[in-house]
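The values are calculated or read from the model by the stated rules, or taken from the named source; none is laboratory data. Fair warning: this is a prediction, and the values are worked out from it, not measured in the lab. For neighbour counting, all protein chains shown are included, and Cβ atoms are generated from backbone atoms with ideal geometry for every residue, glycine included. Protein only, heavy atoms only, side chains kept; ligands, DNA and RNA dropped before computing areas. Shrake-Rupley method; radii C 1.70, N 1.55, O 1.52, S 1.80 Å.
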Amino acid sequence: MQLHSVIEKANRPQRALACFALGALGSLGMAPYNAWPVLILCLSAFYLLIDRTGSPRGAFVYGWLFAFGYFFTGLFWVKNALLVDGNPFSWIWPLAVAGLPSLLAFFIAGGAWAAKRFADLKTGAGFLSFTAFIAFVEWGRGFVFTGYPWNLFGYTWAGTPPMVQTVAIGNIYFLTWLTIFWFALPGFLLLKAPLKKEKILLCKFAVISIAACVIFGVTRIHTAVIATVPDIDIHIVQPDIAQSEKWDRSKTGQHFLKSIALSQPKEDSVNKTIIVWPETAMGFWLAEDPQAIQYITDTLQSYPGGAVLLTGMLRHEAETKSYFNSLVMFDAEGKISNVYDKYHLVPFGEYIPFQKWIPLKPVVEFTGFILGSGVKTFEAFGLKYSPVICYEIIFSGKVAGPDTPDFIVNITNDAWYGISAGPHQHFTQAVFRAVEEGIPVIRAANTGLSGLIDPLGRVHGLSPLFEQYEKTLALPDKNMIFRNNHLIKNVIFTGMVLLFTAFGYLTRRKNSAPE
């Protein structure tokens, strides 16, 4: 009751400041800390504050302040991308650090407004509506304006493997709703409304659902048998090239030879080997250099069992003067095949939305990437794989091609993020994709966190941050027992949201109707 009393006694400015502070504190629930107990305090207090405000407009403001604090602290590492040595636009970093959280905050603000507008938060139905609205806007954040579902509340369980298994039967949005329900429930219980039966019923559901998730997760981890694919090895290369030097043409050869040196076979190498280099590990000019191609073929042919190279490439089409952020495959003859072009580009980083309508010199002169045609499935040594480049891995249900792959290849360049929470948060989302899909994820970063994630979310051969690294690993088999159609998962999720929303709205109307 003490928390409720403190909120009751606080004035409006103090409550507004509390919303921002709670959101900022709540970001500790994300990687690398994964301090999920902190989110219980933050979401419960946030619920009490939303209930205490007198209008939907006030709920919108409180929701925006909470979310701004959450994203401002959780995404503060974004500034590192703009403070790379030599960046002429480094002066804009304060705008980026504040601008992105400001925009993302409107989602949770809208959810808080809707909950206050259409539900009575002092009832059990109103509480369910609140959880549904906030979960729905978190889902919307993954799609609206190309989507940016970073640090969804469900990711707080990254350090608790049994809970991560929940996304094998639902998805990250379903786990996010459960997390909001569990963590905001104490706030509802602290309300003075005399709803003993409703509170007992919700507590029972919370206990049962938590127990079900834990039992399912523990059982799955201890009983699922993940075999390895016979006669196939994965060789992951992390060259650790500083972002300030990456595009220095005078050092192109040096960077390339470093990756070649890290790709040599082990003495006991006998299996077919798939070598994976990170995002933009090669420029298009190297693909046109006979000496560079000879280095690649010599390396691949030195593997007794045979080898192919999957590498990120800055690809150029001279006829159309177009550039692509691509992943390509080199065979042992030095020929390129399986060309995948990134289709989910980063706004303002890889392209500028509405570029022709922004008459500013830096914008007009910006040469972005051309959009790829979508997620694909290719083949190497008889195995199917789907490439995803950089932050494409954060989009649930959009990482595996239509022809179910045997593994997913995620290449990235997390040097932009510096030593910060960014690489850890990025890697966490790759872990969840592996469990959602039941398909292993191979992750190669220029520098960051590289490794191999099996279908249970277990990480093999995790690299250090900002260190040169190479590792040969056996490829885990996929686990398709719980995999189902993502469209069905989203239909079930949105159906649940609509049901709880309608329940809360009808209950409010019933309670407010004159007798």
Review point. If you take the beta carbon distance between Leu103 and Glu267 as r and set R0 to 51 Å, what does 1/(1 + (r/R0)^6) give as a FRET efficiency, to the nearest 0.05?
Key: 0.45
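Once the Cβ-Cβ distance between Lys196 and Leu3 is put in as r, and R0 is 22 Å, what FRET efficiency do you end up with, to the nearest 0.05?
Working: r = 20 Å, r/R0 = 0.89.
Step by step, r from the Cβ atoms, then E = 0.65.
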Check your understanding: Rounded to the nearest 0.05, what FRET efficiency do Ser373 and His316 have when you use their Cβ-Cβ distance and R0 = 22 Å?
Key -> 0.80
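For Leu100, what is the net charge nearby, where nearby means another residue's Cβ is under 13 Å from its Cβ and Lys, Arg count +1, Asp, Glu -1?
Details: positive: Lys79, Arg141; negative: none.
So the surrounding residues net to +2.
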Exercise for review: Would you please give the residues with an amide H less than 5 Å from that of Asp233, counting only those at least 5 places away or on a separate chain, with H modeled from the backbone geometry?
Suggested key: Lys272, Thr273, Ile274
Check your understanding: So for the pair Asn11, Phe76, with labels modelled 7 Å out along Cα→Cβ, what separation do we get in nm?
Key -> 2.9 nm
Review point. What's the Cα-based Rg to Rh of the stretch 164-304, Rh via Kirkwood?
Key: 1.28
Exercise for review: Provide the per-residue ³J(HN,Hα) series for the stretch 46-59, in order, calculated from phi with Karplus coefficients 6.51, -1.76, 1.60 and θ = phi - 60°, each as a whole number of Hz, with x at glycine and proline positions.
Suggested key: 4, 4, 4, 5, 5, 5, 6, 5, x, 8, x, 4, x, 5
Practice item. Give a residue-ordered list of calculated ³J(HN,Hα) values for the stretch 280-288 (Karplus: 6.51 cos²θ - 1.76 cosθ + 1.60, θ = phi - 60°; whole Hz; x for Gly, Pro). Key: 6, 5, 10, x, 4, 5, 6, 5, 9
Revision key, fill the gap. Largest-first ranking of His486, His460 by accessible area, probe 1.4 Å, whole protein assembly kept, is His460, His486
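Rounded to the nearest 500 deg cm²/dmol, what is the calculated helix-only ellipticity per residue at 222 nm for the chain, with -39500 (n - 2.57) per DSSP H run of length n ≥ 4?
Values: 17 runs with 233 residues, N = 515.
Estimated from H runs of four or more residues: -14500 deg cm²/dmol.
How much of the DSSP beta bridge set in the stretch 403-479 is antiparallel, as a percent to the nearest 5? Write down the numbers at each step before the final one.
Working: 5 of 10 bridges.
Of all bridge pairs located within the stretch 403-479, approximately 50 percent are antiparallel.
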Check your understanding: Given a cut-off of under 8 Å on Cα pairs at least six residues apart, what relative contact order in percent is computed for the chain?
Key -> 16 percent
**Study point:** Acute angle (nearest 10 degrees) that the helix 93-118 long axis makes with the longest principal axis of the chain, alpha-carbon atoms
**Key:** 40 degrees
**Study point:** DSSP-defined beta bridges in the chain - what % are antiparallel, rounded to 5
**Key:** 55 percent
**Study point:** Accessible area (Å², per residue) of the chain, counting only protein heavy atoms and a probe of 1.4 Å
**Key:** 43 Å²
Study note, to complete from the structure: Residues meeting the amide H criterion for Glu379 (H placed from the backbone, H to H distance under 5 Å, 5 or more places apart or on another chain) are Tyr385
Check your understanding: Quick one: net charge of Val276's neighbours, Cβ under 12 Å, K/R +1, D/E -1?
Key -> -1
Review point. So, counting K/R as plus one and D/E as minus one, what does the shell of residues with Cβ under 13 Å around Asn410 add up to?
Key: 0
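Looking at this model, which pairs from Lys266/Lys335; Lys251/Lys471; Lys342/Lys489; Lys116/Lys197; Lys122/Lys398 are more than 32 angstrom apart at the alpha-carbon?
Working: Lys266/Lys335 24 Å; Lys251/Lys471 24 Å; Lys342/Lys489 25 Å; Lys116/Lys197 23 Å; Lys122/Lys398 38 Å.
As for pairs spanning more than 32 Å Cα to Cα, those are Lys122/Lys398.
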**Study point:** Under-5 Å amide H pairs with Asp120, H placed in peptide plane, nonlocal only
**Key:** Gly126, Arg508
Exercise for review: May I ask you to list the aspartates and glutamates whose Cα is less than 20 Å away from that of Lys258, ignoring any residue fewer than eight positions away on the same chain?
Suggested key: Asp240, Glu245, Asp248, Glu267, Glu279, Glu288, Asp289, Asp298, Asp331, Asp414, Glu467, Glu470
